[in-house]
Amino acid sequence: MKILVTGGAGFIGSAVVRLAVARGHAVVNLDCLTYAACLENVKSVSDNALYAFEQADIRDRASLDRIFAQHAPDAVMHLAAESHVDRSIDGPAAFIDTNVAGTFNLLEAARAWWSAQGKPADFRFHHISTDEVFGSLGASGLFTEDTPYDPRSPYSASKAASDHLVRAWGETYGLPVVLTNCSNNYGPYHFPEKLIPVVILNALAGKPIPVYGAGENVRDWLYVEDHAEALLLVLTRGAVGRSYNIGGGNERRNIDLVRSICAILDAKRPKATPYADQIRFVTDRPGHDARYAIDARRIRDELGWRASVSVEEGLNRTVQWYLDNADWWQPLQARAGVGDRLGTRA
Ligand SMILES: NC(=O)c1ccc[n+]([C@@H]2O[C@H](COP(=O)([O-])OP(=O)(O)OC[C@H]3O[C@@H](n4cnc5c(N)ncnc54)[C@H](O)[C@@H]3O)[C@@H](O)[C@H]2O)c1
């Protein structure tokens with residue numbers, strides 16, 4: 001299969017690109033290379049005959065039309081997005097432009113290409129989305145595919161809007177769409193502005209480790225390579241028009257997650273005082289969702305997927321990866337906004 005992956009120079013997109021090439025799929029990686037992109041992430045496949053790269057913006061319809069015509073993909077996996085909640089609080093416009101208008105543009109380009117090919121039934125447009133569209137849970141309960149949308153940040157609202165567009169293009173035009181809504185990912189190549197890399201890198205630098213609010217917010221953590229496996233499974237075996245929730249069943253309070261990372265560092269890179277001494281509670285994110293948790297029964301029962309990496313194992317691997325790959329993350333720390341406290345509405 002030839003897959004057009006958007007956002008393939010980002011964190012999750014690059015895991016999808018690496019896995020798809022390893023599985024023998026041809027991949028066209030379409031990415032405009034924002035601050036969050038890093039072509040190092042796909043270096044291991046960049047010389048592979050199955051891999052091609054197109055630097056293009058999903059907001060640029062002419063480029064999309066050219067890329068569809070030139071590469072003739074069998075499927076689109078759409079991951080390109082502005083993805084950082086804190087940045088969406090400071091600058092929501094980019095999130096509406098890329099996540100909403102860009103997705104619209106990509107849907108229209110895909111629809112034009114698919115129509116010109118005689119509307120093949122085995123074409124797929126796979127939209128990769130987030131559990132954040134469902135809003136915030138209390139102490140109990142899980143998000144199912146039928147949970148009403150209730151996004152509460154500019155980021156999650158833009159992803160909810162793009163999910164609605166994708167469903168509408170499926171219903172109205174018959175474009176063969178599938179959707180996935182996934183919980184928080186972590187693992188190698190996670191951009192150094194997100195929680196887990198911030199904790200590891202601040203700990204190693206001897207800097208304060210910031211924890212928002214009281215650290216009580218709960219997230220369901222999934223190792224990124226498990227997510228990539230689930231995505232390829234949904235692409236190839238998911239039912240048209242259906243959405244699948246993906247989660248690791250690994251709920252952790254932020255403060256417990258941070259303490260676990262500190263304990264792993266204490267063992268791997270011991271120093272005179274425990275890394276947890278560097279933890280500092282800082283002003284909470286405005287509108288910080290309390291808890292996300294996924295009911296992943298549909299993808300498990302219908303497609304046979306389940307997470308294979310426990311959060312303990314995944315955190316161990318991730319910490320080791322950052323210890324071994326300073327050449328990857330050090331240059332990224334110089335990019336605009338990285339290391340700054342963002343999203344305080346100040
Ligand atoms: N990170 C998570 O925990 C998580 C969880 C569930 C869903 N998702 C979704 O998965 C997708 C990927 O997330 P990620 O964490 O890898 O994001 P990321 O920020 O690491 O990567 C996004 C990539 O998209 C590219 N991009 C951004 N705007 C673009 C545009 N206008 N045109 C072309 N390329 C553009 C960037 O250059 C970057 O390479 C996103 O759609 C996100 O909403 C993320």
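Annotations for the structure displayed:
- From the list GLY314, GLY339, the lone residue that is modelled with pLDDT of 95 or more, touching a Leu at 6+ places or on another chain (Cβ under 9 Å) and among the small types (Gly, Ala, Ser) is GLY314.
- In region 26-53, the residues that are more than 8 Å from the ligand (Cβ to nearest atom) and part of a strand (DSSP E or B): ALA26, VAL27, VAL28, ASN29, TYR51, ALA52, PHE53
- Listed conditions (1) surrounded by fewer than 17 Cβ atoms within 10 Å (Cβ to Cβ); (2) among the hydroxyl-bearing types (Ser, Thr, Tyr); (3) within 13 Å of the ligand (Cβ to nearest atom) are all met by SER14, apart from (1).
- Test: residue in region 65-87 that is within 14 Å of the ligand (Cβ to nearest atom), more than 23 Å from ALA157 (Cβ to Cβ), in a loop (DSSP other than H, G, I, E, B) and among the aliphatic types (A, V, I, L, M): no
- Checking each residue in region 146-161 for being surrounded by fewer than 24 Cβ atoms within 10 Å (Cβ to Cβ) and touching a Phe, Trp or Tyr at 6+ places or on another chain (Cβ under 7 Å) picks out THR147, TYR149, ASP150, PRO154, ALA160.
- Residue within region 99-108 that is buried (at least 21 other Cβ atoms within 10 Å of the Cβ), in a helix (DSSP H, G or I), free of Cβ contacts under 8 Å to residues at least 60 places away in the same chain and within 11 Å of the ligand (Cβ to nearest atom) present: yes
- The test for being under 21 Å from PRO151 (Cβ atoms) and acidic (Asp, Glu) does not hold for ASP74.
- Among the residues of region 231-251, those identified as within 14 Å of the ligand (Cβ to nearest atom) and under 18 Å from GLU132 (Cα atoms) are LEU231, SER243, TYR244, ASN245, ILE246, GLY247, GLY248, ASN250.
- Meets criteria (under 20 Å from the mean Cα position of the chain (by Cα), farther than 29 Å from ALA334 by Cβ and modelled with pLDDT under 95) for ASP289: yes
- The one condition in (1) surrounded by fewer than 20 Cβ atoms within 10 Å (Cβ to Cβ); (2) modelled with pLDDT of 95 or more; (3) outside any helix (DSSP H, G or I); (4) of a type outside the set (S, T, N, Q) that ALA139 fails to fulfil: (2)
- Filtered by the rule that a residue be more than 16 Å from the ligand (Cβ to nearest atom) and out of contact with any strand residue (DSSP E or B) (no Cβ under 7 Å at 6 or more places or on another chain), region 168-199 gives ALA168, GLU171, THR172, TYR173, GLY174.
- Residue match in region 193-211 (condition: touching a residue at least 40 places away in the same chain (Cβ under 8 Å), among the hydrophobic types (A, V, I, L, M, F, W, C), surrounded by fewer than 23 Cβ atoms within 10 Å (Cβ to Cβ) and in a loop (DSSP other than H, G, I, E, B)): no
Residues checked against (1) surrounded by fewer than 24 Cβ atoms within 10 Å (Cβ to Cβ); (2) more than 21 Å from TYR186 (Cα to Cα); (3) touching a residue at least 40 places away in the same chain (Cβ under 8 Å):
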{"position": "LYS2", "(1), (2), (3)": "yes, yes, yes"}
{"position": "THR6", "(1), (2), (3)": "no, no, yes"}
{"position": "GLY10", "(1), (2), (3)": "no, no, yes"}
{"position": "ALA20", "(1), (2), (3)": "no, no, yes"}
{"position": "ARG23", "(1), (2), (3)": "yes, yes, yes"}
{"position": "ALA26", "(1), (2), (3)": "yes, yes, no"}
{"position": "ASP31", "(1), (2), (3)": "no, no, yes"}
{"position": "THR34", "(1), (2), (3)": "yes, no, yes"}
{"position": "LEU39", "(1), (2), (3)": "yes, no, no"}
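- Residue check, VAL224 crowded, with 18+ Cβ neighbours inside 10 Å, in contact with a Pro (Cβ under 8 Å, 6 or more places away or on another chain), under 30 Å from VAL178 (Cβ atoms) and touching a residue at least 40 places away in the same chain (Cβ under 8 Å): yes
The values are calculated or read from the model by the stated rules, or taken from the named source; none is laboratory data. Quick caveat, the model's predicted, so the values are computed rather than measured. Cβ atoms come from the backbone with ideal geometry, glycine included; neighbour counts cover every protein chain shown.
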